[in-house]
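Novice: Sharing a structure with you now.
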Amino acid sequence: MTEEILYKYISEQADAEESLIVKQWVGNSEERKRELSRLKNIWILSGLDNEIDPAIKASETERIWSIIKKLNVDVRRKSLRLQFLKYAAAIVLIIGISGTIGFFVSTSVSNSNTKFTEINVPKGERSSVVLPDGSTVRINSNSQLKFSSSFNSGKRKVILSGEAYFDVAHDKSRPFIVETQSLQIEVLGTRFNVSSYPNDHLTTTFLEVGKVKISGAGNDNVILNPNESFEFNKLSRESRKIVMNDNRMMDWTKGVMTINGETIGELAKKIERRFNVTITFMDDAVKDHVYTGSIKDEDLNTVLEAIKFASSIEYKREGNRIVLSSSE
């Protein structure tokens, strides 16, 4: 991996062969993925004159120039700045991005020659984006949001893998559609949360404000009203609608991890995504523990100590690996 190829990839100038070299270099290294995500975010954010505070823009611009210098790219600063703004502006036309760093933007072309934009939020990160129609989306860890380049002129459709909270700009003539692996959620203008991780057996939709229509997975159209949740079990193919007395499904947007009668296995998935760690179990008895409660999820050790306090479970932390075992 040369610095020049890495620079060209970050600045959207790499060809297909060079992009493949970068992807192979990243491989399964979480550290390299996070660093690449950070560099591309800096590149993108530095050109968003209308999206972030000028002070933040100035700071991010200095950061990208320092990285450029380190990469030893032999290009005059004036020429490089023109290229920089050109590529950043091209991305802005597709999607408006808030000042939050923590996601990775890429583009791809489908078999139908339709260009797609993907927003990937790695484990351990959470981010917010502003879509071209003015809708805002908070994206949880280990999630992907994907949409076509025609989003702003045609149907407002996004494809979600993971979890996101949507605040949709009202547009009666163009319904907003969220497509997941199992379901399709259609709205006009509303606020709602969707969770659809590939390795979770449940796909859930919770409506805070407005009204949504859910279809797919062999179900008749289901209409949700505020404070209602819809669950679809991908294993049993069963579904149900629930009236909820709280907004706990959106607690993650406030930095709170809330669990309600979940096993340690389900909780472990949330912890792995939130803190970019791997959790293993020393014995089967550990998996029988069920938890209910809420805790701030800003610090991994605090979460682990809460689990230990609430049950007969011990933990051992070895870098990014957490081992859970039953207490003697």
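The values are calculated or read from the model by the stated rules, or taken from the named source; none is laboratory data. This one's a predicted model, so the numbers in the text were calculated from it and none came from an experiment. As a convention, Cβ positions derive from the backbone with ideal geometry for all residues, glycine included, and neighbour counts pool all protein chains shown.
Novice: Filter the range 215-240 for residues that are surrounded by fewer than 15 Cβ atoms within 10 Å (Cβ to Cβ), over 24 Å from Asp171 (Cα atoms) and among the small types (Gly, Ala, Ser) and give the result.
Specialist: Correct list: Gly218, Ser236.
Novice: Just wondering, is there one or more residues in the range 243-258 that are more than 22 Å from Phe166 (Cα to Cα) and either over 24 Å from the mean Cα position of the chain (by Cα) or assigned to a strand (DSSP E or B) (or both)? I'd like the intermediate steps shown before the answer.
Specialist: Taking the range 243-258 as the starting set, the residues that turn out to be more than 22 Å from Phe166 (Cα to Cα) are none.
No: zero hits.
Novice: With Val209, Val256, Val243 as the choices, which residue is among the hydrophobic types (A, V, I, L, M, F, W, C), surrounded by fewer than 15 Cβ atoms within 10 Å (Cβ to Cβ) and touching a residue at least 40 places away in the same chain (Cβ under 8 Å)?
Specialist: On the way: Val209 fails: touching a residue at least 40 places away in the same chain (Cβ under 8 Å); Val243 fails: touching a residue at least 40 places away in the same chain (Cβ under 8 Å).
Result: Val256 is the single residue among Val209, Val256, Val243 that is among the hydrophobic types (A, V, I, L, M, F, W, C), surrounded by fewer than 15 Cβ atoms within 10 Å (Cβ to Cβ) and touching a residue at least 40 places away in the same chain (Cβ under 8 Å).
Novice: Condition first: at negative phi and either among the polar types (S, T, N, Q) or assigned to a helix (DSSP H, G or I) (or both). Now tell me which residues in the range 225-242 satisfy that.
Specialist: Within the range 225-242, Asn225, Ser229, Asn233, Ser236, Ser239 qualify.
Here's the yes/no breakdown for (1) over 20 Å from Lys123 (Cα atoms); (2) surrounded by fewer than 24 Cβ atoms within 10 Å (Cβ to Cβ); (3) among the polar types (S, T, N, Q):
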residue: Glu163; (1), (2), (3): no, no, no
residue: Asp167; (1), (2), (3): yes, yes, no
residue: Arg174; (1), (2), (3): yes, yes, no
residue: Val178; (1), (2), (3): yes, no, no
residue: Gln184; (1), (2), (3): yes, yes, yes
residue: Gly189; (1), (2), (3): yes, yes, no
residue: Lys213; (1), (2), (3): yes, yes, no
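Novice: Does Glu298 qualify as being farther than 23 Å from Pro198 by Cβ, in contact with a helix residue (DSSP H, G or I) (Cβ under 7 Å, 6 or more places away or on another chain) and not assigned by TED's automatic domain parsing to the domain that holds Leu183? If you could, list the steps in order and put the result at the bottom.
Specialist: Numbers: farther than 23 Å from Pro198 by Cβ: yes; in contact with a helix residue (DSSP H, G or I) (Cβ under 7 Å, 6 or more places away or on another chain): no; not assigned by TED's automatic domain parsing to the domain that holds Leu183: yes.
Considered against the rule, which asks whether it is farther than 23 Å from Pro198 by Cβ, in contact with a helix residue (DSSP H, G or I) (Cβ under 7 Å, 6 or more places away or on another chain) and not assigned by TED's automatic domain parsing to the domain that holds Leu183, Glu298 comes out as no.
Novice: What is the residue count in the range 185-206 for residues that are over 15 Å from Trp252 (Cβ atoms) and assigned to a loop (DSSP other than H, G, I, E, B)?
Specialist: Residues flagged as over 15 Å from Trp252 (Cβ atoms) and assigned to a loop (DSSP other than H, G, I, E, B) within the range 185-206 amount to 6.
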